[in-house]
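The following block contains the structure, expressed as structure tokens.
The values are calculated or read from the model by the stated rules, or taken from the named source; none is laboratory data. The structure displayed is predicted, hence computed values, not measured ones. Glycine also receives a Cβ, built like all others from the backbone with ideal geometry; neighbour counts cover every protein chain displayed.
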Amino acid sequence: MTHHKFGDLRSNLRRAGAAAAVAAICLAGELACAQAPGGGRMGPADDKGPNLAPTFTFDPSQKSGPQGTSWAEMPQLPAIAGDWFTDNASFGKIQQTSDSPDPNNPNVAPLLKKWWDYRMINKVENKGLNGGGAVNNAANCVPDGMPGIMSLPLGYEFSVDPGRVMILSQNGEVRRIWTDGRPHPSDPDEKFEGDSIGYWKNGVLYVDTIAILPTAEMFVGMPDSEKSHVIERMFLKTPKKLEIDTIVTDPDRLRAPFRYVRTYDRDTSMEEEICQENNRDNNGTIDLTPPPP
């Protein structure tokens, strides 16, 4: 059986330590390209991510340009459809978010003291509570959920249809972002991926996600609360580089908004990953019993 270059790094990141997983990665360099594959637009040159402004907001009244509400409009949208993989730079940041003991590290969430202490006990490099493996969703084959699902060493397939953008992660989780102008439900059911709506503005997809289950993860080993709220900006930096600029707010976990950027390389080799398949390492408890004949 062959595996994608990321192999089992998602599990390694949580159970063996992110630093070891980083050392296992070997990616080809980013390729330059003159135009977006299959047509479509790039993000505008003056919209380069977090350096553009101190912050950003989600405001559907600011939408502009094609919204992709019909098949006729689809070729006018940025060519974000296809497979994307978390790049080396972002993987290093992901490790720091979980492992760094420095509260001034810009990649570390500004957690309330109670949750900072929890993180320091549970962080991956300390092997979790009581040395028994970091307590986290992936170690128990539970969905990561939002926003943690977007900060993993995985592949993500973007599918763009009229009124909807879908993100299918390599581990089987699916995000549905409605871009048909609908608001959030008045009383939404909580889900691992939450309820997401979005709009396009000058080639940038703005996304707002609420109603996230508190059993979902903000990042590796850190559970959300019922007050977790996520906004994102997604756009092409180059035809082969996708950027997602994220702001997480949660008054039960964070003392300030947590803003970070993840970047992804375009690829065409995403493979299936099923957590339950031959899963013999469950949150630090290893079962090497041979299968029955």
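So which residues in the stretch 170-227 are among the small types (Gly, Ala, Ser) and either part of a strand (DSSP E or B) or in contact with a Leu (Cβ under 9 Å, 6 or more places away or on another chain) (or both)?
Gly194, Ser196, Gly198, Gly203
Report yes if some residue within the stretch 185-201 is surrounded by fewer than 21 Cβ atoms within 10 Å (Cβ to Cβ), at pLDDT 95 or above and closer than 16 Å to Ala81 by Cα; otherwise report no.
Within the stretch 185-201, none of the residues are surrounded by fewer than 21 Cβ atoms within 10 Å (Cβ to Cβ), at pLDDT 95 or above and closer than 16 Å to Ala81 by Cα.
Checking the conditions here, which among Ile231, Ile247 is surrounded by fewer than 22 Cβ atoms within 10 Å (Cβ to Cβ), modelled with pLDDT of 95 or more, among the hydrophobic types (A, V, I, L, M, F, W, C) and part of a strand (DSSP E or B)?
Ile247
Scan the stretch 112-148 residue by residue and report those that are at pLDDT below 85, closer than 19 Å to Pro214 by Cα and surrounded by fewer than 14 Cβ atoms within 10 Å (Cβ to Cβ).
Asn140
Would you check if Tyr156 is crowded, with 22+ Cβ neighbours inside 10 Å, touching a residue at least 12 places away in the same chain (Cβ under 8 Å) and touching a Ser or Thr at 6+ places or on another chain (Cβ under 6 Å)?
yes
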